Structures are given as C-alpha cells and as structure tokens.
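*Asks:* Questions regarding the structure given below will be posed in turn.
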Amino acid sequence: MSEIPFLSLLGTDVTVYSLLTALAILAAGSVMLARSRKKGLSARPVGLFFLLALLFGLLLGRGVYCAVRCNSVFFDELGDPKGWLPFFTLETGSVNAFGVLLGVLLGAWATGKIAGASPAVLLDGAALPGLGLFAFERLIEPLSGQGFGPLVSNPLLCWPPLSIDSGWGDWSLSVSFIEAVLLLIAALFLVKAACRRPGTRALYALALIAGTQIIPEILRQDDVLLILIFGPVTQIGYAVLLLTALIGGLRSAGKKTAIREILLLLLGVALIGGGEFALDKSDWPPLLLYGVMILVLAAMTWMTLRRIRMHDCPA
Amino acid sequence: MQRVSVRLGTIFLMLCLLLPSAQASGLSPMPLNKHMAGPKPKNENYSTTNDFYEDESITVQISTGKYKGVKYTTAHVKIVDPSQLRAVSAEQVRNPSAGFSGNRSTTATGIQICQAVNAVVGMNGDYCVTDDKCQVMMRQCKQIRNRANGAYDVLVIDKNGNFTALRNCTADDYKAYYKAHSKEMYNVFCFGPVLVKNGRTTVGEKYENRNIIAQKKTQRAAIAQIGPLEYMLITADGDSVTYTSGLTVAEFSALCAKLGKEVREEGFQLAYNLDGGNSSALIYKKWAKNKLAYRKLNMPNIGRPLSDMICFFTLVK
C-alpha cells in the first residue's frame, strides 16, 4: 500500500498517514501538558519542550535519514547536486525513528537551558504519551507504504493487521504492527511502574523502547536505513538508547558493578550482532537464532530495568 | 576502449537484424521501459530431466561441472528478443508493476522474485540497494543513480541486448557515456569486474578488490554474453563464512574463459562478475515429486534475500 493523498495544501499532497501523525502529535502534546499541570508544573516550559522536541525531532530524524541516504536525497540520477532543498521537502524518503528520539532528548536539554526546567522532569512527563504516540505511529505505518516484513503463506498469519495484503494475493508480515503491540505492552509497564526520582520514568521508557524494538527491526524488508551494507541504523540507535538507560541507572552503583554491567550489555549486543550475521551467512535454523537473540535481548533489558529500579529505590 | 565497444556493438546489431525476431514469428516483445510480470512459462516445456526448457522464444540449458574441486552451475540461454532479458526488483514480489526506486531496501528470496514475475530463469543482480558498491544504476531504461568513483567496472546492456563494459568507471565517465548513448541504454549494473573480454580473461592472479573479497575463495556469480541474444549465467559454489572453499575472482575469470571456449570458438564476448557470496543465486524451475517449482540451483540450503535479479522471460502466452 502506498501513501494515500488526503488533500492538497499549498501545492503539496497531505497524505492520510501524515495527517494522522500530526493529529497524534497534537494529542500526545495535550496529554503531556495536562499531566504536567496535574503535577503542578508550569505550562510554559512544557509547551516550550513540546515545540523544541518537535523541531529537533524532525531535524534530527530527517538528518539521520539524509546522512545515510545523502546520495539519493541530495544528488540526482546522474550524480549532479540538487541543493539543500530536498532536506526540507521530504520528496525523497522520510525521517528516522532513532533521530526523532534523539531530537526529543535534545529538546528536553534545550528547554532546561532556556526555561530553567529540569530535563529529567520534562522527559518523565513525556514518557507515557511519547510511548503511546510511538505505538500509534507504528500502527498506522502501513499507510505510508512501510512497515512490512517477509512474505508469509501460513493462513494463521495471513490476516490484518498482523499481515499486510499486497493487493496481489501475497501477504507480508506487518513488522510495524508487532512493534506497536510491544510498545503498548511497554506502556502498560510504564503506567504501573512506581517512580520516585526524576528521570526514572524516562529511563524506563528508553529501555523499553530499545528492548521491544530491536528484534522486530531485523524482520523489516521495507525502506530500512543501512550503513556499511548490512548495519541497520535504527537498531544500532536503539542499542545506544539501551546503553544510555543502563548508564542512567548505574549512577548510584559502584564502579566495578558499572563496568561489569556495561560489558555484559555490550556482550549482549555482540551476541545479537552475531546472531544476525549467522542469519545471513549460515544455514543454522532461523527460529533457533531468533530464539537466542530474543533471550539475550530480554536478559539485557531485564538487567537494565532492574538497574534503573535499584537507582530509583536504593536499598 | 569505448569506441571499440561501439563498433562491435554496431556489427552485432547488424547480425541481430539477420536473426529471427520476435515480431517476425508473431510473438509480442515486452515493453522495455516497464516493470511487469511476463507470461507464465508452460510446464510442458520444462524437461523432466530438469536441465532444459524450450519454447518458441527461449531455450535454457542447465549444466553443472567442477573446476578446481568447486562445483559450478550454468544456464545457457538463447532468446529471440532483447526484452526477454530484464532487471527485476524485489519490490515486484508485492507488486509486479513496481519499479526500482533506488531508495528502498526491499528484499525477497530469488525464488519469490522469479515466481512473482514468471521468470524462466533468473540470477541475482548487483544488490542494488547498497549504493557503496552498486554505484551506478539504470533499470528498464530508467536512470536511477550515478555515484561512480572509479572503483568498479560498469556493465551496460543496450536495447539490442548487447553488453558493453565501462572499466573503472567514474561519475564523469558515466555521464559522458550516458549523454552519448542514453537512447540505446537499457539496463546498467555496477559490481564487476569484467571477467572475460573477447574470449580472454581480464583478471590477473594478483587482482585485489576488498569490496568484493576478490582474493578469497567464496561463491561467485556472473553473466556472460556469448553472441547476439545468447547468454550464460554462471555460479560457483563456496563458503562465504570461512572462505575455505570456492573461487577467487581470478579463478572465476579463468573458469568463465574456459566455459566460453566450450560454447563458442571465440569464447564469451564479455563476462561480468555480479554479487557473490550468499547473494549468488541461480533460480530455475525443477520437477520434484511430479510438481514443478522454482528452486535455487546453486547451494540450495544457503541463500540471502535479494534486492534485484536479472531474469529471462518467455514471450509465449
């Protein structure tokens, strides 16, 4: 399914996907503002954070995409430069999820500098609506023509929204649907999580995003951003987020514990990387490889969540 | 070098005019500038020995052999119209009319791709989704990309189905060639190197290109032009994890030269190396348990999803 134009605005087609995304962003912003007001926070820094997160999210999300795909964005079919305008017009490609998340973090930091608000508190307020927004975006991703994985023929899998009908009699696994469901489960965890220290909820959100998204990204067969031939940019970004969440939780741990757990996480990353290498190069059973990778990622995520909880509630 | 190629191309064009064409025999050529599925090959045209396909428009002969202890598989293809040789995108699995966008990383297995478009036989292409190797790209007459940096040989297939190589092609080389020949250009691939030219190997023992792991033993794939509308697809088995079995590019070049001499006294006009390792895939339909289905002929238990293939089609509806 390709993008469906909904209306024309200032000479540009507004698609159903982009309209729903815009509405979801506004809704998430409203929820964030309402929750922040309930907790006694002033609307000004929250509003500023929303705007800066949006701005930096779009800039960095687009920036990551364009950095990886610079040849197709900034150069024409004969290799002649097209100038800088394609960066802003989205005529080629879209934005990268990891870049958007980086932008949100940068927006919190910038708001802290401008308005004197605590970035940790702002990110805590954004965590739950942000997860909800991310889950919604993944759910509607097929409207943009993305989000699909390998073809499936088992009738147990060939039904929407778990799979996407190509319209030509084939069904593709909807990776974005799987990612959306996992994000909703992560959001449930976040709702129930008791958090005392500022920043804890945000760290949980980062860890949960990484822990639920890394494996499904392997299944994508859409417009995946790759570096160095086989390196998936978003997956690598999620691994960085998981490491960031772990480091955040290790602030109250001893040096030896910190080094050990960081090394363990990096080992897990290497094992998952090895699993993906084996998927590509070897004839080992894919289900076995996926099973091992899921177990390793679950262990990494559990270790990170546990560390964040220990930082939040020291014994 | 390019002028010699143009002269040779002109001679072959004249020869092509003498050969029976698709239109003369009542078959309709496929549009060159469209992506589409072809007519479905008829089951009865596949031999039960699984090594031959023949209809009015195409013959395919499958052979295997051993070279330096390495198994190789070939498909010798003769067609009547250049439109039967086509570049196929993995995106066509989901939509047979989809083209190459140059942006998407869509992949699918070789079997899925050939099945979606009804190819008689297909070979992996140049893994076009990665533009660090596939620096130049034209598919079905549509120019898509040029970021050539001189590191790779480029294969140009013209609208008569003839091969021309641009050795160590730079962006300016390609632009100049494109400006002079764009109307005749059909498909352009970028991987290489050229393995055989006018029957002789063009790759020395010491040839090195780390980007294609030239000095290591691994699986290899190549497409060769024997003569007008006559081609060979060649794969060599190997181990792309330990690199302990397979062929180096130089050895593969020698194999291609040998195979060329076996089918034609002058050897291959041009043989061009395509993406090897686990990407190498030669897909063809085989009979098994009274059922005809697409199979990967080379190392069937190992394979990587592909972004693109070079396929041959029948014109018989």
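*Asks:* Regarding residue B:75, is this residue within 24 Å of residue B:257 (Cα to Cα) and modelled with pLDDT of 95 or more?
*Replies:* Details: within 24 Å of residue B:257 (Cα to Cα): yes; modelled with pLDDT of 95 or more: yes.
Spelling it out, residue B:75 is indeed within 24 Å of residue B:257 (Cα to Cα) and modelled with pLDDT of 95 or more.
*Asks:* Have a look at A:267, A:279, A:287, A:226 and point out the one that is at pLDDT 95 or above and aliphatic (A, V, I, L, M). Break it down stepwise before answering.
*Replies:* Working: A:279 fails: at pLDDT 95 or above; A:287 fails: at pLDDT 95 or above; A:226 fails: at pLDDT 95 or above.
Of the residues listed, the single one that is at pLDDT 95 or above and aliphatic (A, V, I, L, M) is A:267.
*Asks:* In segment B:177-202, what residues are in a helix (DSSP H, G or I) and buried (at least 18 other Cβ atoms within 10 Å of the Cβ)? Walk me through it before giving the result.
*Replies:* Keep residues of segment B:177-202 that are in a helix (DSSP H, G or I), which gives B:177-181.
Within segment B:177-202, B:177, B:178 qualify.
*Asks:* Output the number of residues of segment B:203-221 satisfying the condition of being surrounded by fewer than 19 Cβ atoms within 10 Å (Cβ to Cβ) and more than 14 Å from chain A (Cβ to nearest Cβ).
*Replies:* Number of matching residues: 7.
*Asks:* Turning to a different aspect of this structure: Quick one: in segment B:258-268, of everything that is of a type outside the set (Asp, Glu) and surrounded by fewer than 24 Cβ atoms within 10 Å (Cβ to Cβ), which residue is nearest to the other protein chains (Cβ to nearest Cβ)?
*Replies:* That would be B:258.
*Asks:* What number goes with the only condition from (1) in contact with a His (Cβ under 6 Å, 6 or more places away or on another chain); (2) touching a residue at least 40 places away in the same chain (Cβ under 8 Å) that residue B:46 does not pass?
*Replies:* Evaluating residue B:46 over (1) in contact with a His (Cβ under 6 Å, 6 or more places away or on another chain); (2) touching a residue at least 40 places away in the same chain (Cβ under 8 Å) leaves (1) as the failure.
*Asks:* Working only within segment B:270-317, note down all residues that are in contact with a strand residue (DSSP E or B) (Cβ under 9 Å, 6 or more places away or on another chain), more than 14 Å from chain A (Cβ to nearest Cβ) and basic (Lys, Arg).
*Replies:* B:285, B:286, B:295
*Asks:* I've got another one for you. Looking at (1) over 15 Å from residue A:207 (Cβ atoms); (2) in contact (Cβ under 8 Å) with a residue 24 or more places away in the chain, which one does residue A:292 not meet, given that it meets all the others?
*Replies:* Only one criterion is unmet by residue A:292, namely (2).
*Asks:* Give me a count of the residues in segment B:227-243 that are surrounded by 20 or more Cβ atoms within 10 Å (Cβ to Cβ), among the aliphatic types (A, V, I, L, M) and at pLDDT below 95. Quick ask: steps written out before the conclusion?
*Replies:* Of all residues in segment B:227-243, those surrounded by 20 or more Cβ atoms within 10 Å (Cβ to Cβ) come to B:228-229, B:231-238, B:240.
Next cut, among the aliphatic types (A, V, I, L, M) only: B:229, B:232-234, B:236.
Applying the additional criterion that residues be at pLDDT below 95 yields none.
Qualifying residue count, segment B:227-243: 0.
*Asks:* Select the helices (runs of 4 or more DSSP H) contained entirely in segment A:18-116, then report the ones holding at least 1 residues which are closer than 30 Å to residue B:142 by Cα and among the hydroxyl-bearing types (Ser, Thr, Tyr). If you could, list the steps in order and put the result at the bottom.
*Replies:* Numbers: elements: A:43-68, A:70-74, A:85-89, A:97-115.
Answer list for segment A:18-116: A:43-68, A:70-74, A:85-89.
*Asks:* Given A:182, A:173, which one is in contact with a strand residue (DSSP E or B) (Cβ under 7 Å, 6 or more places away or on another chain) and closer than 20 Å to residue A:221 by Cβ? Walk me through it before giving the result.
*Replies:* Working: A:182 fails: in contact with a strand residue (DSSP E or B) (Cβ under 7 Å, 6 or more places away or on another chain).
Result of the check over A:182, A:173: A:173.
*Asks:* Given the structure, is residue A:251 among the charged types (D, E, K, R) and either at positive phi or touching a residue at least 60 places away in the same chain (Cβ under 8 Å) (or both)? Show your work before the answer.
*Replies:* Working: among the charged types (D, E, K, R): yes; either at positive phi or touching a residue at least 60 places away in the same chain (Cβ under 8 Å) (or both): yes.
In short, yes.
*Asks:* For segment B:141-176: of the residues being at the interface with chain A (Cβ under 10 Å from one of its Cβ atoms), touching a helix residue (DSSP H, G or I) at 6+ places or on another chain (Cβ under 8 Å) and surrounded by 21 or more Cβ atoms within 10 Å (Cβ to Cβ), which is farthest from residue B:35 (Cα to Cα)?
*Replies:* B:148
*Asks:* Regarding segment B:31-41, can at least one residue be identified that is part of a loop (DSSP other than H, G, I, E, B), modelled with pLDDT of 95 or more and more than 21 Å from the chain's Cα centre (by Cα)? Break it down stepwise before answering.
*Replies:* First, pick out the residues of segment B:31-41 that are part of a loop (DSSP other than H, G, I, E, B): B:31-41.
Restricting the remaining residues to those that are modelled with pLDDT of 95 or more gives B:31-41.
Pick out the ones that are also more than 21 Å from the chain's Cα centre (by Cα) and you get none.
No, every residue in segment B:31-41 fails to be part of a loop (DSSP other than H, G, I, E, B), modelled with pLDDT of 95 or more and more than 21 Å from the chain's Cα centre (by Cα).
*Asks:* Can you tell me which residues in segment A:159-180 are within 14 Å of the chain's Cα centre (by Cα) and within 14 Å of another protein chain (Cβ to nearest Cβ)? Spell out how you get there, then give the answer.
*Replies:* If we filter segment A:159-180 for residues that are within 14 Å of the chain's Cα centre (by Cα), which is where we start, we get A:175-180.
Passing the criteria: only A:175.
*Asks:* When you check residue A:305 against the structure, is it in a helix (DSSP H, G or I), more than 22 Å from the chain's Cα centre (by Cα), away from chain B (no Cβ under 14 Å) and not basic (Lys, Arg), yes or no? Please lay out each step first, then the result.
*Replies:* Numbers: in a helix (DSSP H, G or I): yes; more than 22 Å from the chain's Cα centre (by Cα): no; away from chain B (no Cβ under 14 Å): yes; not basic (Lys, Arg): yes.
For residue A:305, the condition - in a helix (DSSP H, G or I), more than 22 Å from the chain's Cα centre (by Cα), away from chain B (no Cβ under 14 Å) and not basic (Lys, Arg) - is not met.
*Asks:* Right, another one. Restricting to segment A:41-67, name every residue that is of a type in the set (A, V, I, L, M, F, W, C), within 14 Å of chain B (Cβ to nearest Cβ) and crowded, with 20+ Cβ neighbours inside 10 Å.
*Replies:* At the first step, the residues of segment A:41-67 found to be of a type in the set (A, V, I, L, M, F, W, C) are A:41, A:43, A:46, A:48-56, A:58-60, A:64, A:66-67.
Add one more test, that the residue is within 14 Å of chain B (Cβ to nearest Cβ), and what stays is A:66-67.
Selection gives A:66 alone.
*Asks:* How about segment B:149-185: which of its residues are over 23 Å from residue B:280 (Cα atoms), touching an Asp or Glu at 6+ places or on another chain (Cβ under 7 Å) and not basic (Lys, Arg)? Can you show your working first?
*Replies:* Initial filter on segment B:149-185 (over 23 Å from residue B:280 (Cα atoms)): B:149-150, B:158-160, B:169-185.
Checking the rest, the ones that are also touching an Asp or Glu at 6+ places or on another chain (Cβ under 7 Å) come to B:158-159, B:169, B:184-185.
Selection gives B:158, B:169, B:184, B:185.
*Asks:* Could you list all residues from segment B:140-176 that are of a type in the set (A, V, I, L, M, F, W, C) and assigned to a loop (DSSP other than H, G, I, E, B)?
*Replies:* So the first thing to find is which residues in segment B:140-176 are of a type in the set (A, V, I, L, M, F, W, C), and the list is B:141, B:144, B:148, B:151, B:154-157, B:163, B:165-166, B:169, B:171, B:176.
Once the filter is applied, which keeps residues that are of a type in the set (A, V, I, L, M, F, W, C) and assigned to a loop (DSSP other than H, G, I, E, B), segment B:140-176 yields B:141, B:148, B:151, B:169.
*Asks:* List every residue pair whose Cβ atoms lie under 6 Å apart, where the two residues are 6 or more positions apart in sequence or sit on different chains, the first residue falls within segment A:68-90 and is facing another protein chain (nearest Cβ under 7 Å), and the second residue, located anywhere, is among the basic types (Lys, Arg).
*Replies:* Once the first residue is facing another protein chain (nearest Cβ under 7 Å) and sits in segment A:68-90, its partners that are among the basic types (Lys, Arg) give A:71/B:147; A:78/B:175; A:79/B:147.
*Asks:* If you scan segment A:243-275, which residues turn out to be more than 15 Å from residue A:211 (Cα to Cα) and buried (at least 19 other Cβ atoms within 10 Å of the Cβ)?
*Replies:* Answer for segment A:243-275, where residues must be more than 15 Å from residue A:211 (Cα to Cα) and buried (at least 19 other Cβ atoms within 10 Å of the Cβ): A:248, A:249, A:250, A:261, A:275.
*Asks:* Now, a different point. Being of a type in the set (A, V, I, L, M, F, W, C) and touching a helix residue (DSSP H, G or I) at 6+ places or on another chain (Cβ under 9 Å) is the filter here; which residues of segment B:251-269 pass it? So that I can check it myself, show each step before the final result.
*Replies:* Our first condition is that a residue be of a type in the set (A, V, I, L, M, F, W, C); within segment B:251-269, this holds for B:252, B:254-257, B:259, B:263, B:268.
Within segment B:251-269, B:268 is the sole residue that qualifies.
*Asks:* Give me a count of the residues in segment B:106-134 that are of a type outside the set (A, V, I, L, M, F, W, C), more than 9 Å from chain A (Cβ to nearest Cβ) and under 17 Å from residue B:273 (Cα atoms). Please lay out each step first, then the result.
*Replies:* From segment B:106-134, those of a type outside the set (A, V, I, L, M, F, W, C) are B:106-107, B:109-110, B:112, B:115, B:118, B:122, B:124-127, B:130-133; that's our starting set.
From the residues that got through so far, the ones that are more than 9 Å from chain A (Cβ to nearest Cβ) too are B:110, B:115, B:118, B:122, B:124-126.
Remaining after also requiring under 17 Å from residue B:273 (Cα atoms): B:122, B:124-126.
The total comes to 4.
*Asks:* What do you reckon, is residue B:210 farther than 26 Å from residue B:81 by Cα and out of contact with any helix residue (DSSP H, G or I) (no Cβ under 8 Å at 6 or more places or on another chain)?
*Replies:* On the way: farther than 26 Å from residue B:81 by Cα: yes; out of contact with any helix residue (DSSP H, G or I) (no Cβ under 8 Å at 6 or more places or on another chain): yes.
The answer is yes for residue B:210.
*Asks:* If you check B:97, B:105, B:101, which single one turns out to be without any contact (Cβ under 8 Å) to a residue 60 or more places away in the chain and surrounded by fewer than 21 Cβ atoms within 10 Å (Cβ to Cβ)?
*Replies:* Working: B:97 fails: without any contact (Cβ under 8 Å) to a residue 60 or more places away in the chain; B:105 fails: without any contact (Cβ under 8 Å) to a residue 60 or more places away in the chain.
Just a single option satisfies the conditions, and that option is B:101.
*Asks:* Among the listed residues B:224, B:254, which satisfies the condition of being hydrophobic (A, V, I, L, M, F, W, C), in contact (Cβ under 8 Å) with a residue 24 or more places away in the chain and surrounded by fewer than 23 Cβ atoms within 10 Å (Cβ to Cβ)?
*Replies:* Details: B:224 fails: surrounded by fewer than 23 Cβ atoms within 10 Å (Cβ to Cβ).
Within the list B:224, B:254, the selection yields B:254.
*Asks:* Can you name the condition, by its number, that residue A:215 falls short on among (1) within 14 Å of chain B (Cβ to nearest Cβ); (2) touching a residue at least 60 places away in the same chain (Cβ under 8 Å); (3) closer than 25 Å to residue A:152 by Cα?
*Replies:* With (1) within 14 Å of chain B (Cβ to nearest Cβ); (2) touching a residue at least 60 places away in the same chain (Cβ under 8 Å); (3) closer than 25 Å to residue A:152 by Cα applied to residue A:215, the lone miss is (1).
The values are calculated or read from the model by the stated rules, or taken from the named source; none is laboratory data. Quick caveat, the model's predicted, so the values are computed rather than measured. A quick note on method: Cβ atoms are made from the backbone with ideal geometry, for glycine too, and the neighbour counts reach across all protein chains shown.
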